[in-house]
Every structure is written in structure tokens, then in C-alpha cells.
Amino acid sequence: MSDVEHHASATGDVEKVARDSSQAATGVGPHVDNSDPDEALKLVAGEAVVLTPEDEKRLLRKIDRNMMPLLCVVYGLNYLDKTTLSYASVMGIRNDLHLVGQDYSWIASVFYFGYLFWEWPTNRLLQRLPLAKYSAFNVIMWGLTLCCLAAVKDFGGAIAVRFFLGAFEAAVSPGFALFTSQWYTKKEQGTRVGWWFSFNGWAQIVGGFVAYGIAVGTEAHPILIKSWQLIFLVTGFFTAFMGGLFLYLMPDSQLNARFLTQQERVMAVERIRINQQGVGNKHFKWYQCKEALTDPMIWAFVMYSAISSIPNGGVSNYFSQLIVSFGFTENQSLLLGAPGGAIQIITLLIAGHFGDRLKNRILFGAAGVLIAAIGLLLILLLPLSNSGGRLAGYYLYQSSSTGFVALLGLISTNVAGWTKKTTAAAMYLVAYCVGNIIGPQVFQSTDAPQYRNANITILVCMFVAFAILIFINIWCRRQNKIKATVRASPGYAKVDGQEFLDLTDRENPEFIYSL
């Protein structure tokens, strides 16, 4: 039998192989196409690459030094630009735009209608276009769009600008997940996702101080524009500036990384061979899209994203008003939101580090969700006079992002095949949009200022999200056992260059799911 014939007989969906012992020995399935490999195969084909531990450590430090600062700062701005609306809500925007009833909630929600509208097309473009250049375009455009919020005069104008803001920001999370899977091994990805996502917390800290400084400064020294307009301009122009740096400095992949020598580019590709995923394939493959739409693990990711995003959509737009409801002034609320960012940073870094080190990101993510539930119980059960205790509950709630980040990282780690990966990312973030659209609507104006019903809804969501994480952990363990059975079957043979043939996680018996 020729190599190609053996290759074709060696592929197949792992679960089907496990059910049919007559196929178990043959390994991989019908979708292997040697003429359409991952881009990385073009770089490493025929290369004899030997990576010593010292070489790999040196290369990893160089990659971190050149990639992580940009990813971290831009992702922090992604969060800051969304939450400037919360700061503006206690700086006068509601009165100046003549907002009544649920108007503010709809301005918060419409961001995610834009995100939802453009999420699937932007994921296709992330696969089809140069990754860094398309990402940078979106960063620049969302910064300039945020500046436009300073010019709105009424509810309709705010709705229009927030919709386009959501559309441009739709590329950020899936794009950054692709960067992480391109450059880092599975055991490194959880920590790196934790690093760049933790800058949401830094954004909350910096944003709180900036908003407070602008609010107090414009009160003491009035200027031609309102304080809430100034915060939109400051954050928007800085975001556009960072988008320009991103365009100039960030490589699309190892193949055009200017900070690496040619030999280092080959080494950078070789070191991620263990991922069984490659660095990118620009061709859309319908079978991979179908697999994503029928994979129980992906649907569990989607359910988690939708459920956990209901609290996120509400709290990220109402946290300043929640802190005011604990008994603090509006200006104090701008500062008191900052420690919540510190809690988010600490819990994300701890969960990411120990999740990778102990090889169980999912359970560490679930632990953060439980801590958040405890925080919500404090807000609900402590007497209204206990301002400090309820504020502490809000701070504990900030650990809730550990679960979302764990699964966002697992899209990088546990989903293979570039069409399947981008499809799964789109599904995950569409669900994220749906949850975030619902979130502000659970904060009804009739429940102000305590929003007790909203807090109860958020608590229920946290417990459901925790249960979904446990299911995903169990599912991945089961799939790994099935794959181990396939690899142990008599006659099984690994296909040459299999790591770079753009196989999906389910059809590649060598693929092992991270927990």
C-alpha cells in the first residue's frame, strides 16, 4: 500500500472508529488532503529541526517579549472601551441624552447586536485575511468609533454608534485566541490567555482612576465639553493609536515575524507541532464547519458562553450604579470599581498558572465561578446598611471571568482544524453576544437602586455555568480514553506530517484534549 493510500485509510472520526473495531486499526479518516496542508508545512517541509530545551526557552522568551505586550494592552482597551459607558452613566450622560426607562439598558445591549451581526463574517475574515492586519484595522476603527460617542446628542445617535462599536470589536477575542494557538504550545496557552484577558482588570483599575480624574478635574476646571464626552475621546484616540502600533509590529504568523530570524521562524513552527493544529489554513472546509455544529463539546462551550454572559452584560454596564446602591457617592463609585479589577487580575493569573501547571484549567475556572457565587450571596443576604460587606461581595464576583477565560483558551487548545476552530469561536462569541444582550435587560429601572431581581438572576446563572464546566471536564476525559483505545489498536500507524494536515480534533487520533 502506498503512503497516500495508507494515509487515506488511516483517517476517520475517532468516535466512529471506537465504535467499529474493524476500523480502529486504520486510524485517521477521509478528509486528509496532502495538497491543502497547513501553512506551516510549507516552512518545515524537508527541514531537520532540533530544538534543545535551552533553545526553546530562549525562543519562548523572545516570542513573549514581542507578542504579549501588544496583545495585553489592546485586549485591556477592548474592555475599557466597552465599560466607558458605565463610567459615563454616573458622569451625566443619562441626563444629557434625555434617557428614560430602559433607554440606558438598550444602549448597553445594542453593542452586542452589532457584535452578533458581524461575528460570523469577521471570523471568516480572520481565517481568510492576514490575521494581524485585519485585527489592527478593527482596533483602529473601534477606537475612532468610540470617539464618535462624544458627539451624540440623543438616544438614537448613541444606539447607532454603539452598534458599529460592537461590530468592530467582534474580531478581538476570536482573533486573539487564534494568535495564542498559532504561537504557543497547549501547556502554555492557558497561562497566556490568562495574561492578556487579565488586562480587563488592569483596564478597570486604570479606567476608574482616569474617569475619577476627569470627573473631578472638569468639576473644578470646566471645559467646553462634558466630562463623559472627554472620557470617550481620551480612550478612543488612545485605542486608535495602539491599533496603529499593532498594525506595524504584530506579525500575521511565524512565517512573516520580523523579530525572528529565518531559522527561528522554523523553530517557532516546529515547537508547536505538538499541538496537532499548525498555524493556519485559509481555505473554508464545509465538513469542518458541520463537525463544529454537531460536536457536543462545542455546544457545551456555547451554552456556557450564553449563560455566563448574562451576568457580564449586566454588571459591566451597571457596576458603577451598583456601587452607588451600596451607599457610596457617584465619584466614589468611580474609584471603588478599581479594586474589582485587581481581584480579576489575581484570580485569572492564579487560575491560568495553576491550571496549566496542574493540567486542569477547567476545574480552576470552575473554582472562580464558585467564588463569584459567594460574592453574589453576600450582596443579596447582607443588610443594606452593611456597605463594606456588600462591596466585598462585588469584588469577589470579579473572579467569575476565570471560567469564560478557561473555555476561550480551550477553543485554542481543544479545537483543531482551522475552519472548525474559527466556526467554534464564532459560535462561542455569538452566544456571548446573546447573553450580553440579555444582561442589561435584567436590570429593570423599576428595581433601582438595589436591583435585587437582577442579582438573583446572576446568581442562578453562576450555578448553571458551574455545572456546564463540570460536564465539559467529564466529556474531555471520556474522549481522551476513546482516542487512547484507537492509538493502542493493532495496526494503527501515525501519518507522516499529520500535525500540519489541518485535521480536526475529532478525526485525529493523536489529538489529546486538555483539561
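The values are calculated or read from the model by the stated rules, or taken from the named source; none is laboratory data. The model shown is predicted, which means the values in this text are computed figures rather than measured ones. Cβ: placed from backbone, ideal geometry, glycine included. Neighbour counts: every protein chain shown. Side chains are part of the model used for accessible areas, which takes the heavy atoms of the whole protein and leaves out ligands, DNA and RNA. Shrake-Rupley method; radii C 1.70, N 1.55, O 1.52, S 1.80 Å.
Can we say Tyr397 is at positive phi and either small (Gly, Ala, Ser) or open to solvent by less than 40 Å² (accessible area, probe 1.4 Å) (or both)? It is false that Tyr397 is at positive phi and either small (Gly, Ala, Ser) or open to solvent by less than 40 Å² (accessible area, probe 1.4 Å) (or both).
Summed over region 91-110, residues that are open to solvent by less than 20 Å² (accessible area, probe 1.4 Å) and either at pLDDT 95 or above or more than 28 Å from the chain's Cα centre (by Cα) (or both) total 2.
Conditions tested, residue by residue: (1) over 30 Å from Arg357 (Cβ atoms); (2) out of contact with any Leu (no Cβ under 7 Å at 6 or more places or on another chain); (3) modelled with pLDDT of 90 or more.
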{"position": "Leu381", "(1), (2), (3)": "yes, yes, yes"}
{"position": "Gly388", "(1), (2), (3)": "yes, yes, yes"}
{"position": "Leu391", "(1), (2), (3)": "yes, no, yes"}
{"position": "Tyr395", "(1), (2), (3)": "no, yes, yes"}
{"position": "Leu408", "(1), (2), (3)": "no, yes, no"}
{"position": "Val415", "(1), (2), (3)": "no, yes, yes"}
{"position": "Val430", "(1), (2), (3)": "yes, no, no"}
{"position": "Ile438", "(1), (2), (3)": "yes, yes, yes"}
{"position": "Cys461", "(1), (2), (3)": "no, yes, yes"}
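Pairing each residue of region 120-141 that is farther than 26 Å from Leu233 by Cβ and outside any loop (DSSP other than H, G, I, E, B) with any residue that is open to solvent by 50 Å² or more (accessible area, probe 1.4 Å) and polar (S, T, N, Q), provided the two are 6+ apart or on different chains, yields C-beta distances under 9 Å for Ala132/Asn256.
Residue check: is Leu51 of a type in the set (A, V, I, L, M, F, W, C), open to solvent by 30 Å² or more (accessible area, probe 1.4 Å) and not in a helix (DSSP H, G or I)? Against the criterion (of a type in the set (A, V, I, L, M, F, W, C), open to solvent by 30 Å² or more (accessible area, probe 1.4 Å) and not in a helix (DSSP H, G or I)), Leu51 qualifies. Filtering region 168-181 to residues that are in a helix (DSSP H, G or I) and either more than 30 Å from Ser227 (Cβ to Cβ) or at pLDDT below 95 (or both) leaves Glu169, Val172, Ser173, Pro174, Gly175, Phe176, Ala177, Leu178, Phe179, Thr180, Ser181.
For Lys82, the conditions (1) open to solvent by less than 20 Å² (accessible area, probe 1.4 Å); (2) at pLDDT below 85; (3) in a helix (DSSP H, G or I); (4) out of contact with any Lys or Arg (no Cβ under 7 Å at 6 or more places or on another chain) all hold with the exception of (1). Of the residues screened, Gly208 is one that is among the small types (Gly, Ala, Ser), part of a helix (DSSP H, G or I) and open to solvent by less than 30 Å² (accessible area, probe 1.4 Å).
Residue by residue, here is whether (1) under 18 Å from Thr457 (Cβ atoms); (2) crowded, with 24+ Cβ neighbours inside 10 Å; (3) over 23 Å from the mean Cα position of the chain (by Cα) holds:
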| position | (1), (2), (3) |
| --- | --- |
| Leu370 | yes, no, no |
| Ile374 | yes, no, yes |
| Ala406 | no, yes, no |
| Leu410 | no, yes, no |
| Asn414 | no, yes, no |
| Gly417 | no, yes, no |
| Lys420 | no, yes, no |
| Ala424 | no, yes, no |
| Tyr428 | no, yes, no |
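When Leu233, Leu249 are screened for being surrounded by fewer than 19 Cβ atoms within 10 Å (Cβ to Cβ), over 30 Å from Cys461 (Cα atoms) and out of contact with any Phe, Trp or Tyr (no Cβ under 9 Å at 6 or more places or on another chain), only Leu233 passes.
Within region 236-261, the set of residues being closer than 13 Å to Trp183 by Cα and small (Gly, Ala, Ser) comprises Ser253, Ala257.
Identify, please: which residue in region 183-205 is open to solvent by 10 Å² or more (accessible area, probe 1.4 Å) and aromatic (Phe, Trp, Tyr) and is, among those, farthest from the chain's Cα centre (by Cα)? Taking the candidates together, the pick is Trp202. Pairs meeting the criteria (first residue in region 79-106 and of a type in the set (Lys, Arg), second residue modelled with pLDDT under 90, beta carbons under 7 Å, at least 6 apart or on different chains) are Lys82/Ser316.
Could you say whether any residue in region 272-293 is surrounded by 15 or more Cβ atoms within 10 Å (Cβ to Cβ), touching a residue at least 12 places away in the same chain (Cβ under 8 Å), closer than 21 Å to Val50 by Cα and of a type in the set (Gly, Ala, Ser)? Yes, region 272-293 contains at least one residue that is surrounded by 15 or more Cβ atoms within 10 Å (Cβ to Cβ), touching a residue at least 12 places away in the same chain (Cβ under 8 Å), closer than 21 Å to Val50 by Cα and of a type in the set (Gly, Ala, Ser). Inside region 142-159, can you point out the residues that are under 26 Å from Leu429 (Cβ atoms) and open to solvent by 50 Å² or more (accessible area, probe 1.4 Å)? Listed by number, the residues that qualify are Leu144, Cys148. Note on region 294-314: residues that are in contact with a Ser or Thr (Cβ under 9 Å, 6 or more places away or on another chain) and open to solvent by 10 Å² or more (accessible area, probe 1.4 Å) amount to 3.
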